[in-house]
């Protein structure tokens with residue numbers, strides 16, 4: 001699960017925080033974080049629900065769960081539990097007030113079936129809150145930015161070769177509706193870069209490099225990671241350009257009561 005889960009601060013982290021709050025995640029709730037990975041969303045939700053609530057994070061990857069468990073312990077969050085589980089085969093004991101997930105549905109072979117299983121673990125009237133990224137509208141700029149375009153294509157080609165759905169953002173509403181949920185809100189937000197306001201794209205590429213190499217997308221020599229950040233910065237500065245490199249969709253929906 002959660003193949004692309006990384007600790008990425010900034011615009012998209014803020015988007016997640018606003019999405020969870022607007023959806024109604026708050027004190028006292030019992031939450032299931034499916035595909036929790038190393039715990040980025042898990043820890044934020046644990047703070048939202050407070051000492052009177054609790055969060056269970058599930059994932060298939062034992063190493064990610066160990067990281068999430070240690071991070072929760074390090075910051076003194078006693079309302080967090082993590083468990084190794086596969087949404088395709090394992091039963092998750094409910095009921096939960098809400099289930100949350102970020103960049104998980106895009107990696108599932110049958111997201112509708114998985115969502116139906118998650119709905120089964122919800123209380124009547126319970127919430128589902130999802131964030132999924134999408135490549136349909138990106139990259140976007142008013143002028144050619146060949147290096148940014150190349151890097152964007154490498155990132156998303158890696159996701160595709162891992163079996164990820166690069167259009168899950170646009171499909172999110174359909175998945176939730178077909179799973180029997182009633183959508184209450186959906187929105188999308190773009191990550192915008194300029195010559196003076198940049199995102200850690202080169203750091204993300206470095207993090208993804210083993211996956212790029214494994215899937216035959218690119219090599220370290222081709223990427224020249226030691227100079228990549230500078231070259232990306234130069235391209236934006238020399239063109240005084242504005243660039244959209246990522247779009248995230250967020251939705252919240254309710255199980256009929």
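Across all Cα pairs in the chain, the calculated P(r) in 5 Å bins from zero up to the longest distance comes to 1, 6, 13, 17, 19, 16, 12, 8, 5, 2, 0, 0 percent per bin.
If I take all pairs of Cα atoms in region 68-173, what percentage of them are more than 20 Å from each other? Summing the P(r) tail past 20 Å for region 68-173 gives 56 percent. Cα gyration tensor of region 116-257, axes a ≥ b ≥ c as square roots of the eigenvalues: rounded (a/c below 1.5), prolate (a/b > b/c) or oblate? Note, shape of region 116-257 comes out prolate.
Ordering 219, 141, 64 from the fewest to the most neighbouring beta carbons within 10 Å gives 219, 141, 64.
Distance between the C-alpha centres of region 100-136 and region 160-239: 20 Å, rounded to the whole angstrom. Between helix 201-214 and the chain there is an angle of about 80 degrees, using the helix long axis and the longest principal axis of the Cα atoms.
For the pair residue 207 and residue 147, label points projected 7 Å from Cα toward Cβ lie 2.1 nm apart. With R₀ set to 25 Å, the beta-carbon distance separating residue 227 from residue 190 gives a calculated FRET efficiency near 0.40.
Against the empirical 2.2 N^0.38 Å (N residues), region 3-107 has a Cα radius of gyration ratio of 0.98.
From helices alone, the chain scores -12500 deg cm²/dmol at 222 nm; the rule is -39500 (n - 2.57) for each run of n ≥ 4 DSSP H residues, then divide by the residue total. A straight chain from residue 74 to residue 22 at 0.36 nm per residue would run longer than the Cα-Cα distance by 15.9 nm.
Give me the percent of DSSP beta bridges within the chain that run antiparallel, rounded to the nearest 5. Working shown, then result.
Values: 21 of 40 bridges.
DSSP beta bridges in the chain are roughly 50 percent antiparallel.
Short-range pairs are left out: with C-alpha atoms under 8 Å and at least six residues apart, the relative contact order of the chain is 22 percent.
Every number in this text was worked out from the coordinates using simple rules, so none of it is lab data. Note that the structure is a prediction, hence the values are computed from the model and not measured. As a convention, Cβ positions derive from the backbone with ideal geometry for all residues, glycine included, and neighbour counts pool all protein chains shown.
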